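Chemist: First the structure, then my questions, so here it is.
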Amino acid sequence: MTRSPEFRGGKEAGSTRPLGLFFLSAAAIVLAAATLLYAQSERGDYTQRNLGSLAQPVVPAATDDAKYSVGSYPLYWPELEAGEGKGLVTGYCNTCHSPRYVLMQPPLTRDQWAAEVTKMMKTFGLEMPESDRAIVINYLAEHYSPETRKK
Amino acid sequence: MSGISRRKLLETLSAGAGAMALGCFAEAAGAQQMHASDRLPPFTGPGANPRWTSVGLVATYPQKYPLILLTDRPVQLETPQHYFLSLFTPNGAFYVRWHLDEIPTTVDLAEWRLEVTGNVEKPLKFSFSELLSRFPSSSVAAVNQCSGNSRSRLQPRVPGGQWGNGAMGNAMWSGVRLTELLRAAGVKPGSLQVQFQGMDRGKGPVGHGSNAFLKSLDLSNPVIEECLLAYEMNGEPLPLLNGFPVRLVVPGYFATYWVKALTNIRVLDKTDENFWMKSAYRIPDTPRGMTTPEDVKAGTVKMIPIGRMPVRSFFAAPEADGKVPLGMSVTLRGIAFSGYGRVTRVDISDDDGKTWAPAQLGPEYGAYSFRTWEFSWKPQRRGPYTLAVRAADETGNVQSDEPVWNPGGYLWNRIERQQIMAGAAQ
């Protein structure tokens, strides 16, 4: 095995003891100077905030039959803004998809939200009375438009 | 003691840790300086998303590494930037996009069959083991990219999955050639298209796009010869979320055609008019699929089904907003691909696209794979740099710096930029 250049064996170190002492004191001075110079560096900075964390999922035991299974997929239920229409929005949207679809969108104008609701009805077959339709569009525009969206 | 440390100390001393966790987003948004311990704001817009990926939660799903959550039912997950350091995207990191919520969680291969029906001489049905044993296995390295990849870049923003750049992946796919099964069944004269359907279903009424997802390709399209019914992805079975047991592979084409958990192949004697062909996944019949909101409103835009993927290139490392000490060389790395032929050139700029120098290309895995590139870069001054990357393919397509806009949010392939800071080294 060839020795890497950084590696120093005991013998070499022993033969340079007087020089070593000199370097040691020099190093101490440099270290003191460095401490002053790098006072901007920080250590041990922790905070009470957290970014959320993820639990590890159970991996179901495999069986030797023809079934290939992952169990069920997790849902991450979203926090929609409180307000008139929240229940209707959650109820109607959740028929086909998670209300997280609302939060995933960029802020949309009232016209864009109205077009989305129309698409869900005309194209995708959602049935909703006109009175509910107006409340749903109003809720989305009131909380999820460029002027109103907070989170 | 610096101001920051004092603030931190006070925070740590104040006991209401729970309340602080709740208030942290509001505080972060208003603060001058964001910290790595602050959460990202949960949405972007109405401006363009400036980040490489979308801003959603990181979430855990079966057979998957933690990925960025767009939606949970149906499932849409985005692949983080660093996975594009490798030529092949690991199965566990491969992005996920389903249209309907009833997606398979258990597949019983004792029941599962792949049927070839419609305008054929002899309708056929194959079990998984028959696919493995009766036909030769073919392989292709191919990029699977969502039609809406990078949709969050569009201005004005459009509704839909707000992907950053991570709705793509590259895999070595192995399986049976589509033409083998079509030949076995015997396509009758007068056939026009072949339609594909998988196990996924939705809660919507029958006959609507919210009930079934169906995609079709023209039988006259040369890509039919290259299509695979893939039962293997990077040498393993496909994850259920990526289409186990078999998914269609359409090399060079956007992923909307790559039907997952495939069960039905139907030969059609007329053009498929279902929602997912007639209304969805359509692009303006213009160069780069460009149009304007005004023209769409005026109804003057002719729309056609989306097809091949335009040439694109990406930074994988260093990740966005990194910092490099002056005097040090760093290796910029990334990938490039095109649905129109081999990537022949990747150029790098460190002055926001004014001047360019060629990157070194990695090994070639055929025309449809990612091609890796790298570039040794040494900043010459302190301060921010805007790096840019652009690719060209063998058919003469070069990435443009013009943004793309169309109502579906498809085909984005503008030159990518990445901010990097050169810091002092002493």
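Chemist: Name the residues in the range B:208-232 that are hydroxyl-bearing (Ser, Thr, Tyr) and either in contact with a strand residue (DSSP E or B) (Cβ under 8 Å, 6 or more places away or on another chain) or within 12 Å of another protein chain (Cβ to nearest Cβ) (or both), would you? Spell out how you get there, then give the answer.
Modeler: Let us first name the residues in the range B:208-232 that are hydroxyl-bearing (Ser, Thr, Tyr), namely B:210, B:216, B:220, B:231.
Those that are hydroxyl-bearing (Ser, Thr, Tyr) and either in contact with a strand residue (DSSP E or B) (Cβ under 8 Å, 6 or more places away or on another chain) or within 12 Å of another protein chain (Cβ to nearest Cβ) (or both): B:Ser210, B:Ser216, B:Tyr231.
Chemist: Quick one: would you say A:Asp65 is more than 7 Å from chain B (Cβ to nearest Cβ), more than 29 Å from the chain's Cα centre (by Cα), touching a residue at least 40 places away in the same chain (Cβ under 8 Å) and over 25 Å from B:Arg157 (Cα atoms)? Spell out the reasoning first.
Modeler: Numbers: more than 7 Å from chain B (Cβ to nearest Cβ): yes; more than 29 Å from the chain's Cα centre (by Cα): yes; touching a residue at least 40 places away in the same chain (Cβ under 8 Å): no; over 25 Å from B:Arg157 (Cα atoms): yes.
Criteria not met by A:Asp65.
Chemist: Moving on to the next point. Write out, first by first residue and then by second, each pair whose Cβ atoms fall under 8 Å of each other, whose residues are 6+ apart or on separate chains, and whose first residue, in the range B:57-68, is more than 7 Å from every other protein chain (Cβ to nearest Cβ) while the second is among the acidic types (Asp, Glu).
Modeler: That search, which allows pairs on different chains as well, returns B:Leu67/B:Glu78; B:Ile68/B:Glu78.
Chemist: Here is a follow-up. Tally time: how many residues in the range A:124-135 are of a type in the set (Ser, Thr, Tyr) and under 33 Å from the mean Cα position of the chain (by Cα)?
Modeler: Counting residues in the range A:124-135 that are of a type in the set (Ser, Thr, Tyr) and under 33 Å from the mean Cα position of the chain (by Cα) gives 0.
Chemist: Tell me, which residue of the range A:101-128 that is more than 7 Å from chain B (Cβ to nearest Cβ) and of a type in the set (S, T, N, Q) is nearest to B:Val58 (Cα to Cα)?
Modeler: Looking at residues that are more than 7 Å from chain B (Cβ to nearest Cβ) and of a type in the set (S, T, N, Q), I get A:Thr109.
Chemist: Can you tell which of B:Thr105, B:Thr53 is at pLDDT 95 or above, under 27 Å from the mean Cα position of the chain (by Cα) and either buried (at least 16 other Cβ atoms within 10 Å of the Cβ) or among the charged types (D, E, K, R) (or both)?
Modeler: Sole residue among the options that is at pLDDT 95 or above, under 27 Å from the mean Cα position of the chain (by Cα) and either buried (at least 16 other Cβ atoms within 10 Å of the Cβ) or among the charged types (D, E, K, R) (or both): B:Thr53.
Chemist: Right, next: May I ask you to list the residues in the range B:71-121 that are farther than 20 Å from B:Tyr257 by Cβ and of a type in the set (Lys, Arg)?
Modeler: Matches in the range B:71-121: B:Arg73, B:Arg113.
Chemist: Further question: Would you mind finding the one in B:Gly198, B:Gly252, B:Gly235 that is open to solvent by 10 Å² or more (accessible area, probe 1.4 Å) and more than 14 Å from chain A (Cβ to nearest Cβ)?
Modeler: Result: B:Gly235 is the single residue among B:Gly198, B:Gly252, B:Gly235 that is open to solvent by 10 Å² or more (accessible area, probe 1.4 Å) and more than 14 Å from chain A (Cβ to nearest Cβ).
Chemist: Now, a different point. Kindly evaluate B:Asp295 against the criterion of being free of Cβ contacts under 8 Å to residues at least 12 places away in the same chain and acidic (Asp, Glu).
Modeler: For B:Asp295, the condition - free of Cβ contacts under 8 Å to residues at least 12 places away in the same chain and acidic (Asp, Glu) - is met.
Chemist: Can you name every residue in the range B:214-232 that is out of contact with any Ser or Thr (no Cβ under 9 Å at 6 or more places or on another chain) and either of a type in the set (S, T, N, Q) or open to solvent by less than 10 Å² (accessible area, probe 1.4 Å) (or both)?
Modeler: Correct list: B:Leu217, B:Ser220, B:Asn221, B:Val223, B:Leu229.
Chemist: Looking only at the range B:381-406, how many residues end up being in contact (Cβ under 8 Å) with a residue 40 or more places away in the chain and open to solvent by 50 Å² or more (accessible area, probe 1.4 Å)?
Modeler: 10
Chemist: Looking at (1) charged (D, E, K, R); (2) closer than 24 Å to B:Phe43 by Cα; (3) within 11 Å of chain B (Cβ to nearest Cβ); (4) surrounded by 13 or more Cβ atoms within 10 Å (Cβ to Cβ), find the lone condition where A:Glu79 falls short.
Modeler: So A:Glu79 meets the others, but not (4).
Chemist: A follow-up question, please. In the range A:86-93, is there at least one residue being within 30 Å of B:Leu40 (Cβ to Cβ), within 12 Å of chain B (Cβ to nearest Cβ) and modelled with pLDDT of 95 or more? So that I can check it myself, show each step before the final result.
Modeler: Within the range A:86-93, the subset within 30 Å of B:Leu40 (Cβ to Cβ) is A:86-93.
Of the ones still in play, those that are also within 12 Å of chain B (Cβ to nearest Cβ) are A:92-93.
Applying the additional criterion that residues be modelled with pLDDT of 95 or more yields A:92-93.
Yes, some residue in the range A:86-93 is within 30 Å of B:Leu40 (Cβ to Cβ), within 12 Å of chain B (Cβ to nearest Cβ) and modelled with pLDDT of 95 or more.
Chemist: Then there is this: When you go through (1) touching a residue at least 24 places away in the same chain (Cβ under 8 Å); (2) acidic (Asp, Glu); (3) within 14 Å of chain A (Cβ to nearest Cβ) one by one for B:Glu115, which number turns out not to apply?
Modeler: With (1) touching a residue at least 24 places away in the same chain (Cβ under 8 Å); (2) acidic (Asp, Glu); (3) within 14 Å of chain A (Cβ to nearest Cβ) applied to B:Glu115, the lone miss is (3).
Chemist: Given B:Glu111, B:Glu78, which one is over 21 Å from B:Phe315 (Cβ atoms) and either touching a Cys at 6+ places or on another chain (Cβ under 6 Å) or acidic (Asp, Glu) (or both)?
Modeler: Residue meeting the stated conditions: B:Glu111.
Chemist: Let me ask another. What are the residues in the range B:279-318 that are acidic (Asp, Glu) and in contact with a helix residue (DSSP H, G or I) (Cβ under 9 Å, 6 or more places away or on another chain), if any? Show your work before the answer.
Modeler: Within the range B:279-318, the first condition is being acidic (Asp, Glu), and the residues that meet it are B:285, B:294-295.
None - no residue of the range B:279-318 is acidic (Asp, Glu) and in contact with a helix residue (DSSP H, G or I) (Cβ under 9 Å, 6 or more places away or on another chain), so the list stays empty.
Chemist: Collect the residues in the range B:141-157 that are touching a helix residue (DSSP H, G or I) at 6+ places or on another chain (Cβ under 7 Å) and either polar (S, T, N, Q) or surrounded by fewer than 22 Cβ atoms within 10 Å (Cβ to Cβ) (or both), keeping them in residue-number order.
Modeler: Within the range B:141-157, the first condition is being touching a helix residue (DSSP H, G or I) at 6+ places or on another chain (Cβ under 7 Å), and the residues that meet it are B:144-147, B:156.
Listed by number, the residues that qualify are B:Asn144, B:Gln145, B:Ser147, B:Pro156.
Chemist: Do you know which residues across the range A:123-148 are assigned to a loop (DSSP other than H, G, I, E, B) and either among the acidic types (Asp, Glu) or farther than 12 Å from A:Arg110 by Cα (or both)?
Modeler: Answer for the range A:123-148, where residues must be assigned to a loop (DSSP other than H, G, I, E, B) and either among the acidic types (Asp, Glu) or farther than 12 Å from A:Arg110 by Cα (or both): A:Phe124, A:Gly125, A:Leu126, A:Glu127, A:Met128, A:Pro129, A:Glu147.
Chemist: Is it the case, given these coordinates, that B:Arg73 is within 16 Å of B:Gln197 (Cβ to Cβ), basic (Lys, Arg) and open to solvent by 10 Å² or more (accessible area, probe 1.4 Å)?
Modeler: Here the answer is no, as B:Arg73 does not meet what is asked.
Chemist: For the range A:97-151, name all the residues that are among the basic types (Lys, Arg), open to solvent by 30 Å² or more (accessible area, probe 1.4 Å) and within 17 Å of A:Glu81 (Cβ to Cβ).
Modeler: A:Arg100, A:Arg110, A:Lys150, A:Lys151
Chemist: Hey, B:Ala317 hits all of (1) open to solvent by less than 50 Å² (accessible area, probe 1.4 Å); (2) within 30 Å of B:Glu130 (Cβ to Cβ) but one; which does it fall short on?
Modeler: Here B:Ala317 meets the rest and fails (2).
Chemist: Then there's this: What tally of residues in the range B:118-133 results from selecting those that are part of a strand (DSSP E or B) and surrounded by fewer than 14 Cβ atoms within 10 Å (Cβ to Cβ)?
Modeler: Of the range B:118-133, the ones part of a strand (DSSP E or B) are B:118, B:120, B:124-126.
With surrounded by fewer than 14 Cβ atoms within 10 Å (Cβ to Cβ) added as a condition, the list becomes B:125.
Counting residues in the range B:118-133 that are part of a strand (DSSP E or B) and surrounded by fewer than 14 Cβ atoms within 10 Å (Cβ to Cβ) gives 1.
The values are calculated or read from the model by the stated rules, or taken from the named source; none is laboratory data. Please read these numbers as outputs of a predicted model, since none were measured by experiment. Every residue, glycine as well, gets a Cβ built from its backbone with ideal geometry; the counts of neighbours run over all protein chains shown. When the accessible area is computed, the model is the full protein with side chains, heavy atoms only, and any ligands, DNA or RNA have been set aside. Shrake-Rupley method; radii C 1.70, N 1.55, O 1.52, S 1.80 Å.
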